Amino acid sequence: MPAFAADVLLAEAAGHLADAVDLRRRIHRHPELGLELPRTQAAVVDELDGLDLDVRTGSGVSSVIADLRGSGVRGDDAPVILLRADMDALPMPEDTDVEFKSDVDGAMHACGHDAHVAMLVGAARMLTARRAELPGTVRFMFQPGEEGFHGARYMLDEGLLDGPNVDAAFALHVSPNLPSGSIWTRGGALMASANVVTITVTGKGGHASTPYLANDPMPVAAEIVQALQVMVTRRISTFDPVVITITKIRAGTTSNVIPETVNMLGTLRAVSEAGRSVAVEGIERVAANVAAAHEMTATVQVEPGYPVTVNDDGFADFTLDVATDLLGRKRVGRMPTPVMGAEDFSYVLQQRPGALAFVGVCPPGEQPARAHACHSNRMTIDEDGMQAGIALHAAVALSYLDLRASEEVHSRSE
């Protein structure tokens, strides 16, 4: 038997949807970047006020942790499940026509973190009202700095999983490219690792009219871009996918000067540490040897990035079962392949069993495959899809704590 009545839980989530939409829009209008999100942090603390939670904020970053202890919990021996929402925006312009569009130039909630916060606050309200049903503790994690700033790692360093000890972790991420209100995940690798790649090609500068008196690094940089794609398709297994994308090439000052150097910037994505290692070695080898073939040099720097997001197989199956009990089979799917985007929830999943799942928020009237994706300057969502996210957060917490309590009773009876 499920630990909840699906129709009741969905009705409760629907009752919190208007408040969630309002909070999401307020955060969307005032996006903040990186690890310091004072306005967003204050909004979260204000929303949690009055729920009788143990709330604490980060000492080094603008994080919020709130614990909800079940009415019968005494001491730190009862199970603890962590639910996460990230809070930061992206450094990019917004080109939507929504009435609550960003008021901050060069900043936009284009990855749905505003919705993540709103859904988790809604779930906190639902679960607080069910405190008497909780045979354990729910820890709500509101984190800054997911967009490349390693916010989860900072929170781990500040004791995120301690006092009481967290047993399992769960997170949701919205996707405009999935049917609204649907839930999707998979066991194993769910999202890729991410590394920033910098390549500097050095040749010899000179006059653009006499390239034979110089040694032009520009065509060599272009050759390296192409050679990297050949390396990926010919030297790395298609069953352990890797993506290398050069996104920025910068060189030169004017039309008649051959520059001495070309600076290239890009990203490396992989779904296994083995694949990432092979790709890093390949980037270094290709860049150095293509440059050497033209009597130039190339230096490569691969910055450490987020690890692969790996869902615990058992917890992923558990999540899909809970989602099916809640929403029905037609609104739940098992993803056949990983997503090549990256997530710093991966740091949490390295230390505790758990899963990240996607909730569909495809805007009304659009086809999921054609909707503007996360990180698009025109990304919008169907806010009604947040109802499923609110309810699933609550359902996962209720089901996990109920399962752990049942296991404990069974263990004592043996």
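Quick note: the coordinates plus some simple rules give every number you see, no bench work behind them. Source: prediction; values computed, not measured. No Cβ is skipped: glycine too gets one built from the backbone with ideal geometry, and neighbour counts run over all protein chains shown.
Once segment 183-255 is represented by equal point scatterers at the alpha-carbon sites, with solvent omitted, what log10 I(q)/I(0) does the Debye formula produce at q = 0.18, 0.23 Å⁻¹? So the normalised log intensities work out to -0.87, -1.13.
Indicate the gyration tensor shape class of segment 1-84 (rounded, prolate or oblate), computed on the Cα atoms with a ≥ b ≥ c the square roots of the eigenvalues: a/c under 1.5 is rounded; otherwise a/b larger than b/c is prolate and the rest oblate. Verdict is oblate for segment 1-84. Computed about the Cα centre, the dipole magnitude for segment 87-228 is approximately 500 debye when only Lys and Arg (+1) and Asp and Glu (-1) carry charge, each at its Cβ.
Counting only lysines at least 8 places from Lys248 when in the same chain, those with an alpha carbon closer than 22 Å to its own are Lys204. Annotation for Glu366 and Asn289: the two label points, set 7 Å from Cα along the Cα-Cβ direction, are 4.4 nm apart.
For Lys330, the aspartates and glutamates whose Cα comes closer than 15 Å to its Cα, not counting residues fewer than 8 places off in the same chain, are Asp321. With N the number of residues in segment 1-153, Rg(Cα) / (2.2 N^0.38 Å) evaluates to 1.09.
Seen from all directions on average, segment 227-284 presents a Cα convex hull projection of 4.6 nm². Phi-derived couplings, Karplus 6.51 cos²θ - 1.76 cosθ + 1.60 at θ = phi - 60°, listed residue by residue for segment 49-56: 4, x, 8, 6, 10, 7, 9, 9 Hz, with x used for Gly and Pro.
Can you tell me which of 351-358, 53-60 comes out highest on packing, and rank the rest after it, using the mean Cβ neighbours within 10 Å? Mind showing how you got there, number by number?
Details: 351-358: 21.5, 53-60: 14.5.
Sorting 351-358, 53-60 by mean packing, highest first, produces 351-358, 53-60.
Here are a few candidate values for Cα extents along the principal axes in Å: (1) 71, 49, 33; (2) 82, 53, 43; (3) 62, 46, 43. Which one was actually calculated from the structure I just gave you? Only one listed value fits the structure, namely (2). So what does the Cα-only Debye profile of segment 220-351 read at q = 0.22 Å⁻¹, as log10 I(q)/I(0), no solvent term? Debye intensities relative to I(0), on a log10 scale: -1.32. Near Gly206, the amide H atoms lying under 5 Å from its own belong to Ile258; only residues 5 or more places off or on other chains count, and H is placed 1.01 Å from N. For segment 317-410, GluC sites (Glu not before Pro) are listed when DSSP marks them as loop and at most 10 other Cβ atoms sit within 10 Å of their Cβ; the list is empty. The convex hull built on the alpha-carbon positions of segment 305-414 has an orientation-averaged projected area of 9.0 nm².
Suppose a student asked you for the relative contact order of the chain, using Cα pairs under 8 Å spaced at least 6 residues apart; what percent would you report? Numbers along the way, then the final one.
On the way: 945 pairs, mean separation 101.2, N = 414.
Relative contact order of the chain: 24 percent.
Against the main long axis of the alpha-carbon atoms of the chain, helix 38-48 sits at an angle near 20°.
For segment 311-376, the dipole from Cβ point charges (+1 on Lys and Arg, -1 on Asp and Glu) about the Cα centre works out to 300 debye, to the nearest 20.
3J(HN,Hα) along segment 60-72: x, 9, 7, 9, 9, 10, 9, 9, 10, 9, x, 4, x Hz, from the Karplus curve 6.51 cos²θ - 1.76 cosθ + 1.60 with θ = phi - 60°, whole Hz, x for Gly and Pro. About its Cα centre, the dipole of the chain is roughly 940 debye, where the only charges are +1 on Lys and Arg Cβ and -1 on Asp and Glu Cβ. Remark: C-alpha extents of segment 345-385 on the principal axes read 40, 21, 17 Å, sorted largest to smallest.
Each peptide among 202-210, 248-256 gets the average number of other Cβ atoms lying within 10 Å of its residues, and from highest to lowest they stand as 202-210, 248-256.
Using +1 at the C-beta of Lys and Arg and -1 at the C-beta of Asp and Glu, which of Ala168, Phe140, Met155 has the Cα lying farthest in the positive direction of the dipole of segment 95-191? The one lying farthest along the dipole's positive direction is Ala168.
By average Cβ neighbour count within 10 Å, what is the ranking of 289-300, 134-145 from highest down? Provide the component values of the computation, followed by the final result.
On the way: 289-300: 16.2, 134-145: 25.7.
Descending packing order for the listed peptides: 134-145, 289-300.
For His372, the residues 5 or more places off, or on other chains, whose built amide H falls under 5 Å of its own are Thr380. Between the listed residues Asn215, His116, Asn311, the Cα displaced farthest toward the positive end of the dipole of the chain, a dipole computed from Cβ unit charges relative to the Cα centre, is found at Asn215. Nearest 10 degrees is fine. How inclined is helix 6-29 to the longest principal axis of the chain, computing both from alpha carbons? The two axes meet at around 40 degrees.
The angle separating the long axis of helix 273-293 from the principal Cα axis of greatest extent in the chain is about 10 degrees. Just going by the charge dipole of the chain, with Lys and Arg at +1 and Asp and Glu at -1 on Cβ, which of Asn289, Leu48, Ala394 is farthest out on the positive end? Highest projection toward the positive end goes to Asn289.
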